[in-house]
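Below is one structure; the comments refer to it alone.
The values are calculated or read from the model by the stated rules, or taken from the named source; none is laboratory data. Just so we're clear, the structure is a prediction, and the values are computed from it rather than from any experiment. Here Cβ is always computed from backbone atoms with ideal geometry, including for glycine, and neighbour counts include all displayed protein chains. In case anyone asks, the SASA skips ligands and DNA or RNA and just uses the protein heavy atoms, side chains included. Shrake-Rupley method; radii C 1.70, N 1.55, O 1.52, S 1.80 Å.
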Amino acid sequence: PVDEVYPIVYVDAIRIRVRDKGVVTMKAAHLVVAVDVDGRKHVLGIWIAENEGAKFWNTVITQLRNRGLKDILIACCDGLSGLPEAIIAVFPQTVVQTCVVHVIRNAMRFVSYKDRKKIAAAMREIYTATSIDTADIALTALDRTWGEQYPGVIDVWRRAWNEFVPFLEYPPELRKVVYTTNLIESINYQLRKITKTRGHFPSDEAAMKLLYLGIRNINTKRGGESGTGTWGWKQCLNYLVRKFEGRLPLN
């Protein structure tokens, strides 16, 4: 059961192969990881699906609410069709924040190797900007210098812009927590190491069992409850109390 207001929730997915009706199918295992008021991290659930969309994500978010999830302040996600709309439908006050690392990674797909360092440095001016106006100037400069050669890079940033800019309002401590969903990326990396050697799973249930054991093993290696804290959380919490006045249970 979930009985919390979570300041930050991350959603991401890893790809796995599962045998379904005699055919090996590529599916996604979606993880929902949350940071509670004390800065502790919790895996709220895993959902395996071949296709995601508005109906799937409405089911996931509704299940979490029915289990006791009361509120989400900031939801970090990217590239998951229908998820932002589902979050807003169930928790209309939640700020949906695109994962900055995903934006960078998606943009870099369009860049040749010889230009990667230069464009990475130019993009850094965007996500380290001190304000939306400064970030917009940096994006315009990126477009002016590289837009003709790599229009895909500019398109990625333009499409992600509305859900990226809330990031620019956060103080440095909170940016480090939200930035590219560092936490869930590290969990996904460990789970990929477990799943990639398996070839394929005989069923969804078999995949779910291994992922559950993997998550339990990660928590154990991190020192259990004492290893799931968030660096700089006190500064983040003070900002969140002011930003989201009256929504955090502090008693």
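Maximal additional length on extending the Glu85-Ala206 stretch stands at 40.5 nm, based on 0.36 nm per residue less the C-alpha distance.
With protein chains left intact and a 1.4 Å probe, residues in the chain average 53 Å² of accessible area per residue. Within the accessible area of region 128-170, the carbon and sulfur atoms contribute 49%, probe 1.4 Å, all protein chains present. For region 77-145, which trypsin sites (Lys or Arg not before Pro) pass both filters: DSSP loop (anything but H, G, I, E, B) and at most 12 other C-beta atoms within 10 Å? When the trypsin sites (Lys or Arg not before Pro) of region 77-145 are filtered for loop state and at most 12 Cβ neighbours within 10 Å, Arg109 remain. The longest stretch of the chain left intact once loop-based GluC sites (Glu not before Pro) with at most 13 other Cβ atoms within 10 Å are removed from consideration, loops following DSSP, is 51-147.
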